[in-house]
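Asker: I am attaching a structure below and will ask some questions about it afterwards.
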Amino acid sequence: MRHGKKFNHLGRQTAHRKAMLANMACSLIEHKRINTTVAKAKALRQFVEPLITKSKDDTTHNRRIVFSYLRNKYAITELFKEVSVKVADRPGGYVRIIKLGNRQGDNAPMAMVELVDYNTTYNPNSKMKKKTTRRGKSKKADDAVVDTVETTDEAKSDN
């Protein structure tokens with residue numbers, strides 16, 4: 001029976017699971033998006049969201065608490081300097097899980113885990129403008145089109 005089991009053990013011993021989640025969280029903070037299995041993605045979300053909440057208040061105590069989980073100075077610096085600034089006004093839900101389908105080798109369900117504020121496609125309030133590519137037309141081509149339209153109109157009116 002499953003009485004009192006609140007999180008997925010992921011088929012690993014405690015030390016291995018903590019190390020794996022810490023490494024995945026560091027990769028997520030560094031790259032802003034990673035691909036993994038759905039079960040690991042859900043476990044990672046539970047692991048990393050409280051750390052991001054702690055990073056909103058940049059104190060030495062919070063840095064030490066987060067460092068005890070992640071054990072990576074570069075990830076801590078990135079989290080407290082860049083990520084916490086972007087999520088400052090968000091009350092929670094910093095991570096998005098998008099299901100991708102099944103892995104070819106073992107048919108495991110895969111997912112993409114990303115930080116919500118770093119995806120400009122799904123974030124309509126982002127300050128970055130969409131870049132559109134436009135084809136430039138030459139003035140001569142536009143004038144030629146206008147001239148042919150005028151001549152055909154004149155030809156119709158003459159008849």
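The numbers here are math on the coordinates, done by the rules we state, and not lab data. Note that the coordinates shown come from a computational prediction; the quantities given were computed from them, not determined experimentally. All Cβ positions, glycine included, derive from the backbone under ideal geometry; neighbour counts span all protein chains shown.
Asker: For segment 1-92, state which chymotrypsin sites (Phe, Trp or Tyr not before Pro) are in a DSSP loop and have at most 11 other beta carbons lying within 10 Å of their beta carbon.
Answerer: Filter output for segment 1-92: Phe7.
Asker: Next question, about the same structure. Tell me, what is the FRET efficiency for Ala19 and Gln46 to the nearest 0.05, using R0 = 22 angstrom and their Cβ-Cβ distance as r?
Answerer: 0.85
Asker: Checking the table Lys5/Lys40; Lys6/Lys73; Lys6/Lys40; Lys6/Lys32; Lys18/Lys40 against a 18 Å threshold on Cα-Cα, which pairs fail?
Answerer: Too far apart for the 18 Å limit: Lys6/Lys73; Lys6/Lys32.
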